[in-house]
Amino acid sequence: MNDEFELVRRLAHDGDTAPAAVSETRRELMELIHDEQTRTTDATPPGRQIVPYLIYEDVAAAVDWLEKAFGFRELGEARLIDPDGILEHAEVEAEGSLLILGPPSIHGDSPRRGVSTMLTVRVLDVDSHYDRSRATGAEIVVDLGDAPWGVRRYQARDPEGHQWHFEQPLERSSA
């Protein structure tokens, strides 16, 4: 905060300061203001207020598979690798939402031992998403189709048993 006050003090003496210095000081102040606004308004981006944490026995293999089969993207800066080289924490982005992946621990066990979830992910083109998943060998649990509640969807199971429901809202008729 002292830096901001110093910048304001420098600007208060515009007549005593070289124009280039005033211009540079104004630029620095505007950057500080922008950075502060960005930090407060973007602290939690949309789709990241509630973050699912999924348990995988092999987190690295899960990240690789989720990227290939479902088109998710790993956020590499969040990787935590233990001293033995095992991936202990990973974050992936799915259609603008964040998912955290970790190994079995006090937080939960593998779905292979009975714990399971089903996550719904809205995608822009569910048909091409379905084609990609099938081509990668995803186990399709519910085939692609229109649901009576107004979405086109399919459901797949990943290699460790998590259920994934991908959907795209159907256009509503105005009749």
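The values are calculated or read from the model by the stated rules, or taken from the named source; none is laboratory data. In this text the structure is predicted, and so the values were computed from the model without any measurement. Cβ: placed from backbone, ideal geometry, glycine included. Neighbour counts: every protein chain shown.
Of note:
- Residue list for region 132-175, restricted to those being touching a Ser or Thr at 6+ places or on another chain (Cβ under 9 Å) and in a loop (DSSP other than H, G, I, E, B): GLU160, GLY161, HIS162
- Test: residue in region 113-125 that is of a type in the set (Gly, Ala, Ser) and within 22 Å of the chain's Cα centre (by Cα): yes
- Restricted to region 1-112, the set of helices (runs of 4 or more DSSP H) holding at least 2 residues that are at pLDDT 90 or above comprises 59-70.
- From the list LEU87, LEU99, the one residue that fits, being surrounded by 14 or more Cβ atoms within 10 Å (Cβ to Cβ) and under 24 Å from GLN168 (Cβ atoms), is LEU99.
- Residue pairs whose Cβ atoms lie under 9 Å apart, sitting 6 or more positions apart in sequence or on different chains, and linking a residue in region 49-75 that is assigned by TED's automatic domain parsing to the domain that holds ALA135 and basic (Lys, Arg) to a partner that is surrounded by fewer than 20 Cβ atoms within 10 Å (Cβ to Cβ) and outside any loop (DSSP other than H, G, I, E, B), are LYS68/ARG132; LYS68/THR136; ARG73/GLU67; ARG73/GLU93.
- Answer from ASP131, ASP158, ASP127 - the residue that is modelled with pLDDT under 95 and charged (D, E, K, R): ASP158
- Test: residue in region 70-93 that is in contact with a Pro (Cβ under 7 Å, 6 or more places away or on another chain), of a type outside the set (Asp, Glu) and at negative phi: no
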